[in-house]
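Bear in mind that the values in this text are calculations on the coordinates, not laboratory data. Bear in mind that the values here come from a model prediction, so they are computed numbers and not experimental data. For neighbour counting, all protein chains shown are included, and Cβ atoms are generated from backbone atoms with ideal geometry for every residue, glycine included.
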Amino acid sequence: MRNKTAVVCIVRCVRTSDGGGTMDFVSYNNTYSLTLRRTIRQPIERVWRAIVNSQERPLWLDPPLQFDFRPGGLIRTAEGLPIAEFIEYEPAERWMLRWFSPLNRGESKVVVEIVRVNRVTTRLSVRHWNIQTEHDYHELYAGWLWFLDSLERYFTTEKYLEYEYPDVYGKR
């Protein structure tokens with residue numbers, strides 16, 4: 001029997017010019033992983049309220065998703081289609097998801113962490129791993145990046161960021 005070793009290939013790391021976000025792309029054993037971080041100049045309580053408040057969330061998250069914030073609870077599309085299940089949930093700190101969107105191949109995992117940097121600044125991190133295809137990786141990266149961009153924009157303009165379906169390979 002052959003001993004299998006994990007092969008790691010770091011393809012690229014991109015940092016925004018203002019330092020507001022980072023993205024890592026890593027491939028482990030033929031699956032993909034991404035990490036996005038965003039620092040928002042808002043208190044953690046304000047950021048958390050924008051995420052969990054069902055009246056406020058549609059102001060920045062469009063198309064709206066339905067969240068059942070509890071272990072075993074689901075995230076559903078506006079049409080009611082389940083796309084993820086909460087495995088762990090710690091309010092205003094962290095949640096872990098089992099991601100099974102029918103738009104992606106196979107299951108993957110997501111951890112979202114919310115950290116108080118100081119009294120007026122919050123850092124959000126999204127880590128998504130075990131992504132099965134490069135195509136899914138690019139779509140999920142675009143979706144999570146939009147999630148963070150739209151949330152940040154909401155605090156500065158009180159308007160959501162229009163979501164455009166990602167052109168994942170640069171073809172128009």
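With a cut-off of 9 Å between beta carbons, the residues surrounding Ile75 carry a summed charge of -1, where Lys and Arg count +1 and Asp and Glu -1. Please give me the summed charge of the neighbours of Leu65: other residues whose Cβ is under 11 Å from its Cβ, Lys and Arg +1, Asp and Glu -1. Here the count lands on -1.
Using C-alpha positions alone, give me the convex hull volume of the range 38-172 per residue in cubic angstrom.
110
For the pair Gln55 and Ser125, what calculated FRET efficiency results from E = 1/(1 + (r/R0)^6), where r is the Cβ-Cβ distance and R0 = 25 Å, to the nearest 0.05? For R0 = 25 Å, the calculated efficiency reads 0.45. Per-residue Cβ neighbour counts within 10 Å put Trp99, Trp129 in the sequence Trp129, Trp99, beginning with the fewest. Relative to the Cα centre, the charge distribution of the range 49-162, modelled as +1 at Lys and Arg Cβ and -1 at Asp and Glu Cβ, gives a dipole magnitude of about 380 debye.
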